[in-house]
Each structure stands twice: as C-alpha cells, then as structure tokens.
1. Of the residues A:GLN179, A:GLN185, which is in a helix (DSSP H, G or I) and within 14 Å of chain B (Cβ to nearest Cβ)?
2. Residue by residue through the stretch B:33-58, note down the ones that are assigned to a loop (DSSP other than H, G, I, E, B) and under 24 Å from B:LEU228 (Cβ atoms).
3. Cβ-Cβ under 6 Å, sequence separation 6+ or interchain: first residue in the stretch B:104-118 and within 15 Å of B:LEU138 (Cβ to Cβ), partner assigned to a loop (DSSP other than H, G, I, E, B) and aliphatic (A, V, I, L, M). Which pairs?
4. Would you kindly identify the strands (runs of 3 or more DSSP E) lying entirely within the stretch B:80-175 that contain at least 3 residues that are over 30 Å from B:TYR8 (Cβ atoms)?
5. Checking A:ASN139 against (1) over 24 Å from A:ASP16 (Cβ atoms); (2) at pLDDT 95 or above, only one condition comes out false. Which one?
6. So in the stretch B:201-235, with the set limited to residues that are more than 25 Å from B:PHE23 (Cβ to Cβ) and of a type outside the set (S, T, N, Q), which one is surrounded by the fewest Cβ atoms within 10 Å (Cβ to Cβ)?
7. Which of (1) surrounded by 15 or more Cβ atoms within 10 Å (Cβ to Cβ); (2) under 27 Å from B:VAL287 (Cβ atoms) is the odd one out, the single condition B:ARG147 does not satisfy?
8. Could you please find all residues in the stretch A:4-27 being in a loop (DSSP other than H, G, I, E, B) and open to solvent by 40 Å² or more (accessible area, probe 1.4 Å)?
Protein chains: 2
Amino acid sequence: MTFRQQDYQFMQLALDLAKQGEFTTSPNPAVGCVIVNKDEIVGQGFHVKAGEPHAEVMALRMAGHKAKGATAYVTLEPCAHFGRTPPCAMGLIGAGVSRVIAAMQDPNPQVAGKGLAMLEKAGIATQVGLLAESAEWLNRGFLKRMRTGLPYVRLKMAMTIDGRTATATGESKWITGQQARADVQVERAKASAILSTSQTVLMDNAQLNVRWQQLPEGVKQGYPDKTLRQPIRIIMDRHHQLSADLALFQTNSPIYVVSQTEKKSQNLPHFCQAISLPALSGTQQLVYLMEQLGQRQINSVWVEAGATFAGALVEADLVDELIVYIAPKLLGDQARGLCHLPHLTQLAQAPQWRLQEVKQFDQDLKLIYVKDKLC
Amino acid sequence: MTFRQQDYQFMQLALDLAKQGEFTTSPNPAVGCVIVNKDEIVGQGFHVKAGEPHAEVMALRMAGHKAKGATAYVTLEPCAHFGRTPPCAMGLIGAGVSRVIAAMQDPNPQVAGKGLAMLEKAGIATQVGLLAESAEWLNRGFLKRMRTGLPYVRLKMAMTIDGRTATATGESKWITGQQARADVQVERAKASAILSTSQTVLMDNAQLNVRWQQLPEGVKQGYPDKTLRQPIRIIMDRHHQLSADLALFQTNSPIYVVSQTEKKSQNLPHFCQAISLPALSGTQQLVYLMEQLGQRQINSVWVEAGATFAGALVEADLVDELIVYIAPKLLGDQARGLCHLPHLTQLAQAPQWRLQEVKQFDQDLKLIYVKDKLC
C-alpha cells in the first residue's frame, strides 16, 4: 500500500491533534481527525473526553458540506458501535466522504475492523497503516488493555548516575532537578492511574496527585486548570498503614486502597475504594490486581515506588516500560538501589529492554525503555 | 573580537584535521592548521607524532609561495621555542603570512603567549579565541597537564540501567554490546595511558591494550595497523599479585606497576617499570601517583577498574570525566555496584557532574559527564 507525501503530513497533523486529548480522554483512546477536500484542510478535531464527541464528529462539524467527496484522516479506525455517541463510521458515510485513511485498526472488540467494513460497504475507499507506529505509541495504554485486559504499566525511577535513588538514610528530595520533576507531573497527568505503596506515601507524606501549577508552561496553555483530570491513585497498603490525616487524602479524587485482607482500612474518606487481594503468591496477587485495574478501565498505570515493589513488578513481568531519570550525581554503593530482584548468577538471566527515547531536562536525562518483546 | 563566517569554517576544518592526530600525538597536543589565501585553501596539515613536523610546518610546506600574504588558522597558539623542531611562529614569519588566527593560547609554559607575541613583533596580525571551546575539549588532557601538572583522568564504567557492573558472582562479560565495546577500544586508543588494578587484570586475565582489529571500520581507515600506538598501561598492584604469565604481558609495550613497597614484583618482563608509593594515606598516594604520571608526560588516563578503585579516585577528587555506558538490562540490587563511596547521609554531599555528551551505540547509551567545576 502506498501513500502520497501529503497523506503523511495530514496524518501527522491528525496525530498532533490527538495528542491534545492525552490528558483527558482516559479510559478512551486519544484520537485526531483531519478532513481534506482537494488538498485543502476543511475540518479537524480531536476527542477530548469520554462522553463528549469523537474526533470524527468534531472534524465533520467543522467541514460541513465540504466533507462531501473529501478524504478523512483518522488516527484510529472509526467506531462502528452505539456507545455514548453514535458510530463515527455512520457519521462519515452520512457526510459523504469518499475516502478514509486510518493509522491503525481499533483492537476494541466492539470495533476491530467493523468500522472499516461499514465504510467499505457504503462504497467508501479505505486504507489502513499510515504512521501506524506513532499511532500505536500514542495509545499504548488503551491498546494494551484492549488486547490483553491488563493496563500498560510504566515504572518511573529517579536515580543518580550510579543507579541510586536515595542516601542510605533515605533522603531522596531531590535527586533530580526542577525540569525533570515538572516532566514527572506531565507523565502523571497523562496516566489513567498512579500506583504506589503505603511505604512510599508515608516516607514523604506524598500526595501522588497532579499539581497543575507545576506543569510546564507549554502544557498549561493547552490544558486549563479547570479541566484538570486527577489520575486514580492506587496504593498498596497490605497492612493497613494508611491513616486519614495523610496529605494523600487532601485531594478529593478516587483512591483504590489495595490490601491483603477483606478488613477495610478505617476512617478513610468516601472517595477511597478497597481492593482486597486473594490469598495467592506475591506475583499472582500483582497479576490479579492488574486484571482488576483492567476491568475498571484503567489503560495506563504510572508507578512510583521503592526498590522492593519496583522489583516485584519487574519479576512478575508486568512492567511494559521503564522511565529512568538520571541526575548528574554519584551516591556510592551504600546508597539505596533502584530495583530489588532475586539473586541472578548469570548475565543472560537479566531482563532485557529496548531503548525507545532519550530526552534531556537541564542536567538530567530521561530514558525510556520498553519491553524487548512487545506484546 | 569578531570573526567572519568563513573564519569559523576554516577553523572547523583545522579542528577536523587536528583530530586525525588524536591517536598518535601523545604526549604532544593534537593540532591542525589551514592556510588560506584570498579565501582559497592553499595549505593544510596536522601534527602526527612527537618528533615529527608540527601542523603549521605541514601546512606551510603544502602552501609554498602561496603562504605569502595568507591567513593561517591554527587550533593552538604556534610554538615559540626550539624543541625537537624549530618554533612554528618563526616558520610562519619566514613564509610571509600576514595574519594568524589561533583557537586558543597554549598554556605550555614554554609558549604561553610567546608564540603570538613573536608573530605580532614581526608585524603579523593575530587573533585568538575562535572555536576555543572545541579546541579546549580536543586537547583537554594536554591542557590539564600543562596547567596543573596532573593528567586528565577519564573513568569508564559499563553498567546496567540500574547501575550494576556484574552479577553478584562477578560475571560481567558482556554487559554492553559489540558497538559499545568497539567504542571503548577507540577511547583506549586515544588515551596516553590506561589505568587499572591487579584485581581487574586477574579477574578477566585482561590485556588492557588496543586491539586494532576491534576498532570501528571508520577509525581503521584513518589509522593503519602499523602506526598503532599502545597506551602505557598502569596497574595498581599494591600487593604484588601480578605474575609474568598473564595475558597483560603478551603485548610488548610499557607497563607501570604501582606497588606499596620498594620491593619489585618478580620476573616481570623488561618493559615493566616500577612506581612505588610512599607511606601516605590512600588519597595522598593517588595524588602522588598522578603527579608521577604528569611528570612522565602522560596527558590523559583512561581508567577501567572495579567499584573500590573507582570510588577511591572519585573520593580523591581526581576524576575529571565519567564515561558511562548503559546497557538495556536490569540486574537488581544484589548485583555489583558501580562505585564505592563513603556513607553519605545527605544528598548535598553527593559529587555533582555536568552532562557533556550523549551517544547511542545500538541499544547501549554512552554518557559523558565532566566535573561540575572545570579546572
């Protein structure tokens, strides 16, 4: 299948539009749409929030009668089912577009090719696969949940050059600089949920929320304070150590408290929900938790925790992505390590990753690694 | 002082020429020269090796009578003293050049402004400071030795994402991939000397030499096998653990064996020289060693060693540069650490570095950090 040079440009624009929804669409995917008539852009739109119009609807509204005979570029296959909004494929047919180019199929079982089939049946030419890799990356959370039922797990680590997260006495504020910490706010803001442990919460009296004020200026401009979505916070609290006076509970937004027993932690605010783990091995419990989160429509989980929990997730093979911030310091081998793993005797046993992205924030580096074999 | 656009281009060319000498000029600096007459390049040259002509001489030879009235671009102030070759300033005067632009002054006390003064006295216009930062970086070894008497120390570390250099049982072959290891060969080849410990030598039966075959193809083309210079190898052997049957001694090139006592290690080959450390503290002994190496005209030292020696050098504040190769693996916190430092209780005590360079070799990253305050 061949695409023209202009096709790439229009789809890139659709992807850029889609990204504007990254902070707010969860549990929906971020989708962008551009409608082009005789090489002129006549409509564009992106999905903002579940329950609000899809990208195609926004773009068709803007295009009006100019959609007739036009080409629609969409970053994800148009939907074919009646959800909170009517199917977009139907909207495109009704508007009289003559061609639809989708970056990729939607693996959502309610769509999964049905949208494209509906279009073709109506005589609309369809093509799939333009800038598919970028479209996959943009919605890797949603796509993993659709394909496996489990959320996409991103493990964040902030460390010194020599892989240390805190002094031996636990001081970790701040390993990284202000710019890197602002980037952490951006990453939290994009996540469906933030996962941590009561140990981490108690150590720093952490809020684990998104502080709009701390987002970079460029992000603030496109993401007004009043539209801020707080990710769901999920706290591993096996032994009921959380108490209602913690800063965590000052932000009035959903928290899942995950514990070992049915017994509910006491006196926690109304926005807390209990998830109790069945009596299984540690690894099986983590898999169970992820299944629960998938069923609760959580696409992506941003993990901030200590070496023990980080290691347990890696060992359970539940981490899809490592996000490593490296500060230009040395702390030496008595300081706290990054990740607790069982004793490995051979290098070949070491989990292998693939370097995906390198960014610099002032003197700090941000490295993104993905699982060597993508699911 | 202002320079024209062309001046930058010609000086960049001179720097590129200088780099061709990087593998061979030690203990001399790498220097390049371009001679330009009416915006036409009439001569170019670089210094290859101590005892052979300086860059200016090579460029003047090529320019011949076209040097008259020309501008010479040199990456380091022309020398003013009779060494193994006559002073270059005199050569430039004799050839009748009318202007000399130097990237930087030569801090060598035998030059240090005298070259430029000699030119000016002969009526030649001089300018200094064009692309000075690049020229400084190129010869940071030579320049540190000239300014402080000590060599420039580059500490190499190869680690996993979580800062581990080997499994708990010591397996470290190979943390990084083939491309990163070829880059280590390039870095060894540029160094005046390679510094390690008998512990590291014994663990891997390491040769610590440059294997021409393992250099990248691009380097091999400009650096023929027969011109290969082996860096001096310096082995910390406090307790006389080296024995003559080690692979280290199969390469017939100078080795300094550094020990605690006057007693010479037995039966070592003729190309081994003993350096004995006086009875001082560990830190003072390392400073003493570096002074000795400076006196022996060693510009730059490439260190490959374990966490204990690496940490001792960092603690003694003798490391100018960290070169960190990061492989896309996790080994967990039971594996071997990067750098032994005394117990730090506060983050503010952690040595601070400045990120200088990021390069990718296949899936491995190479980070270069320099001391936060340059000497």
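The values are calculated or read from the model by the stated rules, or taken from the named source; none is laboratory data. Remember, predicted model here, so these are calculated numbers, not experimental data. When we count neighbours, we look across all protein chains shown, and the Cβ atoms used for this are built from the backbone with ideal geometry, even at glycine. To get the accessible areas, we keep the full protein, side chains included, count just its heavy atoms, and leave off ligands, DNA and RNA. Shrake-Rupley method; radii C 1.70, N 1.55, O 1.52, S 1.80 Å.
1. A:GLN179
2. B:HIS47, B:VAL48, B:LYS49, B:ALA50, B:GLY51, B:GLU52, B:PRO53, B:HIS54
3. Final answer for the pair search is B:ASP106/B:LEU76.
4. Ranges flagged: B:152-160.
5. (1)
6. So the residue we want is B:MET203.
7. So the condition that B:ARG147 fails would be (1).
8. Selection gives A:ARG4, A:GLN20, A:GLU22.
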